[in-house]
Every structure is written in C-alpha cells, then in structure tokens.
Protein chains: 2
Amino acid sequence: MPATKSSREDAVAAITAVFREFGYDGASLSRLSEASGLGRSSLYHHFPNGKEDMAAAAVAHLAGLATDGILAPLDGEGDATARVKAAAAGISKFYDGGRANCLANLLSIGEAATAAPGAAKSLISALENAFEQVAVDAGFAQKEARIRAEQAIVEIEGALVVSRAAGNNAPFQRALGRLPEILTGGK
Amino acid sequence: MPATKSSREDAVAAITAVFREFGYDGASLSRLSEASGLGRSSLYHHFPNGKEDMAAAAVAHLAGLATDGILAPLDGEGDATARVKAAAAGISKFYDGGRANCLANLLSIGEAATAAPGAAKSLISALENAFEQVAVDAGFAQKEARIRAEQAIVEIEGALVVSRAAGNNAPFQRALGRLPEILTGGK
DNA sequence: GTCTATAGTATGATAGAC
DNA sequence: GTCTATCATACTATAGAC
C-alpha cells in the first residue's frame, strides 16, 4: 500500500471530523489544514475543487462508515434481535456514544444542503429500509414494519439531539437499548 | 408606540430567521443586513457588540416565542389533554409545521455554542419540566411523568429531524398527534 | 506531493457625515 | 437612526518552486 493512499484516507478522516463539529460554514480551510496536517496547497492537490470536494469526501466517508458499521450488521447473519443489537452498537460508535452531531441536521443547515444535496435523505432512507426489513424478518407485517422503522429512527435522532443539548448521553443510550423492542418486539 | 421600537423588533425577527436558516457561521452580516433592511452601521447601532449581540437577541426572541406559544398553554387552564393539544399547536407553529431547523441542534454547532452557551439546554429543560407537570396533572406518578416528558421531547425533536431530512412533514405532524397519548395517556 | 507566497474576495467592525 | 466609505482581518483559491 503506497503512502499516498493512507495519507489521503487519514486526511479525509480528519476533515470529516472538522465538518462534523463545525458544520460546512464553520469548517474553514485553516481548521481543515490544521486538523489534517496538510498545507493549503496540499489540500487542493487532493481536492481540486476545494472545500466543496472536501465536504463531498466527508459525506462519502460517513456514508461508508454507516454502511459498514450499521447497514451491514442489519443485513447479516443471525436472528433479527441479534442483528438489531449489532446495529445499535454500530450506531453508538458512529455517533461517538452520543457526543457527535446529528448528521441529518448538519447536512440541512446553510450551505451544506447545497454542497451535499440529498445526502441526509438517502442515508436516512437506507437506514429506514434496513430497519423495515429486519422488522419483517422478526415477523411483523410490512405496514407495521415500516411504522416501527420510522419510529426507531425518530427515537434515535431525537435522543441524540436531547443528549447533546443536555450534555448527557443517557437518553441516547436508552434509545439504543429500546431498539430491539421497537424493531423486533424483543423476539 | 415609537417607530424606533417596532423597527428593532422587526429587525430581530428578520435576524432570527437568518440565524435559524444558516446557523451562526453562515449568518453573515450581508445576509443579516439584507434580511432586516438595515445597513451595516444601523445594525451596529442596535447591536453594539455586533454579530454576537444579534445572535443573543435571536435566542432571546426564540425563547420568548417558545414561552408564549408552548410553555404558557401548558401552564394554563383546562384539563391536561386540552393543554397538551394547545402546546402541540404552539410547537407546530414554532417549527413552521416542521420546516424550521431543530433549534437544539443549531445551537450546538460550531461557534453558536460559544455565542449562546446553555441556551439549548435551558430551553429543553424548561419544556421537559412543563411536560412533566402536565403528565403529573393527568395522574401519572412523578417518576413515570418524567420518563414520559423525556420521551415526548425525544419524539418531537427526532420527528423534526426526519421530516426535514426527508422533505416531508408527515413524521413531525404524527409526533405532535401522539403527544396527548404520551403525556396524558389520552385522558 | 508538499511547500511558501500571494491573489482576490468576503468577512466583521468602525468612523464620521447627515 | 441611518447612511457612505473604509479599516483590518480571515477567507477560499491559485501560482510556482522544490
């Protein structure tokens, strides 16, 4: 593996963290440069279209993390409840236990919506479909499964918002704990 | 009423809308000036400390709207369910039927947290206390009332996030419809 | 692939006339 | 109380050496 590849991957991870904490407008090139350890010109070498490219890379990176850590476990082996528990662990990691910003909200604020159009919608939609399928696998009818999938996402996102506002991870962790009950009835 | 007063009030309302749509970092003086119809210097006349003052005024304005439109109905006359329904109508208006940004999230991103420290926490805390009281009035024990109050806030905020991401107000409206059931058991 | 240096623009903020 | 004109700074982005 060439040093090139890992350097860019490292940069993307660092850049993603900055966008996540400060939002699109707050993520200045100074901050992005400092966090990635790359000078301005190096950033433009990796991301020719500048900040817009960096934001796109960050969104793609997050989509990859969500796919590997959340969607894949839901689509994996084992009974429905076990898969939901694995996904809950993945969600906790994805949101740093409740400390990271709610992604869907970040992507809908200010210029972010322009830089990554539809990103939040497609991420949430993919998760909702996976939740629905696992609920069907657990024995719920399609219609009921869809309702429960939406309810699960609502509770996760809401608990994340409350946890961050209150500076207390408990609501988020409680929501994750309720996931098996919501999606599979505990079966 | 002097023209002075109404002019400033109008400006605060316009400024609030800009902060709400673009976040703290995205709310540039150009945008704030255009939205309020005031030149840069006029803005600094009304808000001597500049952008920071404007953000503080916006937060105070939103807190006032929440108090009048949501907290007051909860604390008003009538049975618990009627008060919850009145509050639900207030919440819908506050969030423009599900089109406006989730406030708690906005206030926790980037520089906004510095400009209005603790604002999200105190707003959510006030709402949680009011919800808890109405659940107690409906006959729930204190502990159960607290759980239901938190659940209500989680569902509202979560549904708002999902609605905005999906570009569909239905989840938010459904969450508001569930409020009486959650907080008063429909009583 | 990374750097220094810098262009060009937008930002937040001020001064002073009216 | 609002304006025009302007400041200093930070921003995104580019040029060109190594």
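What follows draws every value from the coordinates through simple rules; no lab data is involved. Keep in mind the model is a prediction, meaning the values are calculated, not measured. We place every Cβ from the backbone using ideal geometry, glycine too, and count neighbours over all the protein chains shown.
Full-extension gain between residue A:28 and residue A:42, please, as 0.36 nm times their residue separation minus the C-alpha to C-alpha distance.
3.5 nm
Tell me the mean residue ellipticity at 222 nm calculated for the protein assembly as shown from its helices only (DSSP H runs of n ≥ 4, each -39500 (n - 2.57), averaged over every residue, nearest 500).
Rounded to the nearest 500, it is -23500 deg cm²/dmol.
May I ask which of A:121/B:143; A:51/A:93; A:121/B:93; A:93/B:51; A:85/B:143 have a Cα-Cα span longer than 30 Å here?
A:121/B:143; A:93/B:51
If you place +1 on the Cβ of every Lys and Arg and -1 on the Cβ of every Asp and Glu, how big does the dipole about the Cα centre of chain A come out, in debye to the nearest 20?
260 debye
Using the Karplus curve 6.51 cos²θ - 1.76 cosθ + 1.60 with θ = phi - 60°, work out ³J(HN,Hα) for each residue of the stretch B:139-146 in order, rounded to whole Hz, and write x for Gly and Pro.
Karplus values, whole Hz, x for Gly and Pro: x, 7, 5, 3, 5, 5, 4, 5.
Return the chain A residue and its Cβ-to-axis distance, rounded to the nearest Å, for the rotation relating A to B.
A:158, 1
Could you give me the ³J(HN,Hα) list for the stretch A:157-169, computed from phi with Karplus coefficients 6.51, -1.76, 1.60 and θ = phi - 60°, whole Hz, x at Gly and Pro?
With coefficients 6.51, -1.76 and 1.60, one gets 5, x, 5, 5, 4, 5, 4, 5, 5, 8, x, 9, 6 Hz.
Which whole-Hz couplings ³J(HN,Hα) result when phi for each residue of the stretch A:61-74 is put into the Karplus expression 6.51 cos²θ - 1.76 cosθ + 1.60, θ = phi - 60°, listed in order with x for Gly and Pro?
Result, ordered by residue: 4, 5, 4, x, 4, 5, 4, 5, x, 10, 5, 4, x, 5 Hz.
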